[in-house]
Amino acid sequence: MNRARKLACVVVLVVCAMSLAANWLAPAGYAKQFREAPDAPPSHQHLLGTDEVGRDRFARVLYGTRISLLLAPAAALVSTVLAALVGGLAGYLGGFWLRLARGFTDLFLSLPWLFLLITVRALLPLNVSPLTSVLITFLILGLLGWAASARVLSTSADALRNSDFILQARASGLHGPRLFLIHVLPNLKPVLYAQFWISIPVFILSEANLGILGLGVAEPMPSWGSLLRELEGLISFREEPWRLVPLLLLIVVMTSFQLLLSNEEVTA
Amino acid sequence: MLQPLLSAKTQFWKIAKRVTQKLAAIAALVLLGGLLSATLVRMAPGFDADERELDPSLSAESQLALRQSRAGEHDILRFYASYLRGAIHGDLGTSHALGQPVQSLLRERWPVTLRVAGIGLLLAWILASTLAFTACLWRLPAFEIFGTTVSGAFLCIPAAVLALLSVILNAPGYLAIALIVFPKIYRYSRNLFAKAYAMPHITAARARGLSETRILACHVLPIAGPQMIALAGITVSIALGAAIPVEALCGLPGIGQLAWQAALSRDLPLLVNLTVMVTLVTLLANSGADVMVYMLARGES
Amino acid sequence: MNMSKPGRPAFSQFLFCVAFLSLALSAVASAQSGGELRFCLRSEPKTFDPLLVDDDSSLSIRYLTGGVLVRLNRHTQELEPDLAESWKLSKDGKQITFKLRTGVTFSDGSPFSAEDVAFTMQRLMDPALHSSTGDAFRSSSGAVTTKIIALDQIAITFPAPIAGLDRLFDQVAIMSAHSPKKEAAVLGPFMVAEYKAGSSLLLRRNPSYWKKDSQGRRLPYLDSIRLDIQSNRDVEMLRFKRGELDLINVIDSDYFDRLAASSPGLAHDAGASLDSDFMWFNLVASAPIPDYKRAWFRSTNFRRAISEAINRNDLARIVFNGHAQPAVGPVSPANKFWFDSNLKAETYRPDAALNLLQADGFHLQNGALLDKAGNAVEFSIVTNASSKPRERMAVMVQEDLGKLGIKVNVVTLDFPSLIERISQKFNYEAAMLGFRNVDLDPNGQMNIWLSSAENHAWNPQQKAPETAWEAEMDRLMRAQASAADPKKRKESFDRVQEIVAEQVPFIYLVNQNALSAVSSAVQGADPGILSPQTFWNADRITLNQTKRASR
């Protein structure tokens, strides 16, 4: 495992360094359209070729990394904290609160939130700056993405509430928030970790899908999500394998991060 | 003689009361879900916009009529009340976009989704739990990395691409759903298993030379079981969500495809019914999981 | 979902043998009869009622199943007799008299006569029906009268003259007045036999279709047509390549090139179509946009400058891989009669554009364009999300205008939100859309050019024309509608096209080419630019079973 971790560490460092050095590595920038060479295959000038309007794909990947790698984990954190609060607390309190929270999460899981997003877009001005739009999008994703794991957490916390060691802790005088933080929360870790790691790629992809509602990263800014959306129109991957690079990169980075940040107890 | 009979009777009434309460809660939530979704749709822009408004051959009168055709839905409470009145008499309204009674649309399309999402979910569970369990059993770093990478890869591929791939490879639609849902189940169950296996008494049991099947059955499942069951409950709604892109791309006439059409045309009667049904399924799946967990806990104590 | 598996080799060999045998036998009988043609509809048909048709899928079904009095030949762009053997327009342009074909029956056997035409017209013109086909005939209020002169002769009188009246009947599928099967009784070459909602539609040959070929054989040659409902173009293309589909009516340019590279015989580029893509600025007085922006948009110089700063050649070359032409104006050069040949597409002249802007007091400061009052020039373009080419065009326009120091924000919206913004709330700055032009005659564009109309997109429903040039356009449009002489009409409409070029209320970008794909098994198809591009002569299309089996 150790060697794998070292490798993962190198991968993450290289990717972060490259995205930070994007200005030097890809001086032409992510928006410049090389109109004489749209849809070009990889070449000396364009390492990963160009997209449909002739923008350098390598530059777009680097700049897209900045946005997606920063904001998607932040949104995943928001949703994980929310899940821990709603699910964990409900299970920990039990009784009426548990029933209420479960009803609420079930309802939350079934509502058509698409329409909320459409409404949010309508409330924003049309000339909103790309950064604001991205921030709001990821915030919404974080606020909407917690329900499923909260549901599982409520069951874990419910089981914990009646377990021997919580009763023991109670008997030894530990109560309220301290008991919750010290004894309950750590035991919810497996689900919370899973929630966090699942959310990151899911949010990266959702951000791109929200582009159809005018939310998310606005043109010409790139994001991993919009780079992955390029794959949708591709019937034959064999003809243009370099288009798969953003996907491979995302997978490698995600795996490396996971290997790096996970502890012994919860590995995946 | 009288005592146990009485307690059995009170027991029965107790259970009956709980069941009734539960059913009442489900019914209330379903109704609330319908109302909330109707409100969400109504508040969203483009509620009474129709593509035909851009048709230059329509006269001003026809355009006006088009706009007024949804006037009855502007007051959401009134709409919902009349929808409920109809629903009691077995009339679920008529879809705007497809011009057919919602009832017949749902009747035609539920079986498709039920089959595709059902088989997909089952496959996903088999795949994920096998992989997760093997990973825990073997505890080989290489397998660990393999599992993380494979599940990560499927999480990173857009659902539409997976659906498209299934069309390219001529694979059935449920396979795409299975591949979309599988990594999520894997991640959760892998962590739950790992946590359970890391418990001190399991290490002790291993040291005592207990067989792996026994360890799984007697020690791991009791710890991870309840959460796995809860997970099973929520994967139903995850699978229903995955059905939307898969059905649309694979040309499967199911609920997912219908929901997407309804959303794009702001088809209020259809959307309300779909939300009501999805809420019902979600509630039943999750409540079923709760009941199972509850019964397991009782069985143990 | 098509579940057919690639199949084990032994089994497919067996199949091949069977196919070969049956071919050998059938080749003797006829190489060109029967078979099932297969292609995709991109959306669920919204109606089977031919008079209420308003969406592409329903339109295709109406074309294949409906019988019309006159038919516009999609190849020659000329009108041809169909169920009417001949017709005559009155001098005042208000009345049309049809001499009908006799001995024709509907698909259910009920006879066709003038009564059916009268019934159809009465129903079509019922104001409560709100049919777009019917509205096309409505030039002024008042009732339409039908007079049955004989069983095979009918006169239809309108309250006011209608320009291009006879052509409008190409869209009117005649319904039976008496058949209990209502719209299921048809006069066209095919009839709807089976409909699986959300999945597919089967049209079967109408045995009572009246047309015969030169050898006296009853048309259509095909036994049936299977229409799969599939909105995803990737899937459609994939299935075409596999031989599961025989036609793609409209194909995207990137797929076209790929297909042309792998099997050149199957890809057809019929040249510029009637459809155009364009953008426009919001000129509505009450629109919720800042006053200084409205002032820019209302300036002719500003609009002309934007138009000149867009590189249309690049749009056509990059977004459509060269399968599009820089657009000239409201009429595509493909519309042979109505196009004003004095007009040319706007050339890319960023310097001239900057001069025009400077004339209006705009100036450059640190690479950003500012107006007289010092406001930075920034605006958003809204467009619909489902069209990839349009998104790309928006991005390219963004870059082109960026070179002038103008900041453009591209906002893609779902269609209902977009419609609400551009036609109800007017809460947008600029919009980019496409116009599917199915009608060659400019009379169909009345609701776009009249300043009082709903579809006068840049500033609809004006009580009185707000500008002199819009007043002039109103006058010219009315003049062309009331003139009977096509030459006079063209003079008026040419002037409208010139005003559009001068005032640039719409900035026309490109006319996409009509691209289609036709399998080599299909014989007799003649893909054109008019809808339905590939199957307009479906009754004469045949399938070569040998080629299909060998695929």
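The values are calculated or read from the model by the stated rules, or taken from the named source; none is laboratory data. A quick note: this is a predicted structure, and the numbers were derived from the prediction, not measured. Counting neighbours? That spans all protein chains shown, and the Cβs are built from the backbone with ideal geometry, glycine included.
Quick notes
- Scanning the range C:440-476 for residues that are closer than 15 Å to residue C:136 by Cβ, in contact with a helix residue (DSSP H, G or I) (Cβ under 6 Å, 6 or more places away or on another chain) and part of a loop (DSSP other than H, G, I, E, B) yields a count of 5.
- Of residues in the range C:229-250 being under 18 Å from residue C:201 (Cβ atoms) and touching a helix residue (DSSP H, G or I) at 6+ places or on another chain (Cβ under 6 Å), the one farthest from the other protein chains (Cβ to nearest Cβ): C:248
- Qualifying helices (runs of 4 or more DSSP H) (wholly inside the range C:114-172; at least 1 residues being aromatic (Phe, Trp, Tyr) and assigned by TED's automatic domain parsing to the domain that holds residue C:53): C:114-124
- Tally, over the range A:158-172, of residues that are part of a helix (DSSP H, G or I) and either within 15 Å of residue B:225 (Cβ to Cβ) or at the interface with another protein chain (Cβ under 10 Å from one of its Cβ atoms) (or both): 3
- When residues in the range B:41-77 are screened for being within 14 Å of chain C (Cβ to nearest Cβ), closer than 23 Å to residue A:117 by Cα and hydrophobic (A, V, I, L, M, F, W, C), 5 of them pass.
- Residues that are outside any helix (DSSP H, G or I) and either under 33 Å from the mean Cα position of the chain (by Cα) or β-branched (Val, Ile, Thr) (or both) within the range B:195-230 comprise B:198, B:199, listed in sequence order.
- Residue match in the range C:312-326 (condition: buried (at least 23 other Cβ atoms within 10 Å of the Cβ) and either part of a loop (DSSP other than H, G, I, E, B) or not assigned by TED's automatic domain parsing to the domain that holds residue C:412 (or both)): yes
- Screening residue C:97 with (1) buried (at least 17 other Cβ atoms within 10 Å of the Cβ); (2) more than 19 Å from residue C:161 (Cα to Cα); (3) free of Cβ contacts under 8 Å to residues at least 60 places away in the same chain; (4) out of contact with any Ser or Thr (no Cβ under 7 Å at 6 or more places or on another chain) gives one miss only, at (2).
- Residue list for the range A:175-204, filter: more than 10 Å from chain B (Cβ to nearest Cβ), part of a helix (DSSP H, G or I) and modelled with pLDDT under 85: A:176, A:177, A:178, A:179, A:180, A:181, A:182, A:183, A:184, A:185, A:186
Conditions (1) in contact with a Lys or Arg (Cβ under 6 Å, 6 or more places away or on another chain); (2) within 9 Å of another protein chain (Cβ to nearest Cβ); (3) touching a residue at least 60 places away in the same chain (Cβ under 8 Å), marked per residue:
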| position | (1), (2), (3) |
| --- | --- |
| B:145 | no, yes, no |
| B:150 | no, no, no |
| B:166 | no, yes, yes |
| B:180 | no, no, yes |
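- Subset of the range A:42-93 [of a type in the set (A, V, I, L, M, F, W, C), within 14 Å of another protein chain (Cβ to nearest Cβ) and in contact with a strand residue (DSSP E or B) (Cβ under 8 Å, 6 or more places away or on another chain)]: A:53
- Of residues in the range C:434-449 being within 27 Å of residue B:70 (Cα to Cα) and more than 8 Å from chain B (Cβ to nearest Cβ), the one modelled with the lowest pLDDT: C:436
- Matching residues, the range C:406-427, being in contact with a Phe, Trp or Tyr (Cβ under 9 Å, 6 or more places away or on another chain), more than 9 Å from chain B (Cβ to nearest Cβ) and of a type outside the set (A, V, I, L, M): C:407, C:409
- Residue within the range C:502-522 that is within 29 Å of residue C:223 (Cβ to Cβ) and surrounded by fewer than 17 Cβ atoms within 10 Å (Cβ to Cβ) present: yes
- Residue in the range A:127-149 that is buried (at least 21 other Cβ atoms within 10 Å of the Cβ), modelled with pLDDT of 85 or more and more than 20 Å from the chain's Cα centre (by Cα) present: no
- On the stretch given as the range C:198-225, residues that are within 14 Å of chain B (Cβ to nearest Cβ) and surrounded by fewer than 18 Cβ atoms within 10 Å (Cβ to Cβ) total 0.
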